[in-house]
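The structure appears right after this line, and notes come after that.
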Amino acid sequence: MSPAHPGLRLGRIGAWLNPGYGDDARTGLAIQAESLGFATVWLGFGRAPVSDLALAERILDATPMIAVATATAAPTSPSDLHAALTGPAHGSANLSP
């Protein structure tokens, strides 16, 4: 942890867990990532609702130290990215994969 940011433990490099692998595989990958020294795993949700935190809870239960980051999003087009960054309601553009 950084003294300037005592609650921030994401580390410099994290592992992104692709939703195409399924929850069993991603839980195993999170365990492996932690054993390799990764401080954080980022969960891709695909089309699943970001509010479904069952996988995050499962990974937290299976690992003693790793941080689990959620709600990564990828714009589907350059215009969606522009709208998300500059529109009146930032983040309201279509950001599903």
By residue number, the members of segment 19-28 that are surrounded by 13 or more Cβ atoms within 10 Å (Cβ to Cβ) and touching a residue at least 12 places away in the same chain (Cβ under 8 Å) are P19, D23, R26, T27
**Message:** I'd like to check something: does segment 3-15 contain any residue that is in a loop (DSSP other than H, G, I, E, B), modelled with pLDDT under 75 and among the small types (G, A, S)?
**Reply:** yes
Considering residues that are polar (S, T, N, Q) and in a loop (DSSP other than H, G, I, E, B), the number found within segment 19-52 is 1
Notebook entry, point to check: On the given criteria, is S35 among the hydroxyl-bearing types (S, T, Y), over 17 Å from the mean Cα position of the chain (by Cα) and modelled with pLDDT under 90?
Noted result: no
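The values are calculated or read from the model by the stated rules, or taken from the named source; none is laboratory data. Note that the coordinates shown come from a computational prediction; the quantities given were computed from them, not determined experimentally. Note: ideal-geometry Cβ built from the backbone for every residue, glycine included; neighbour counts use all protein chains shown.
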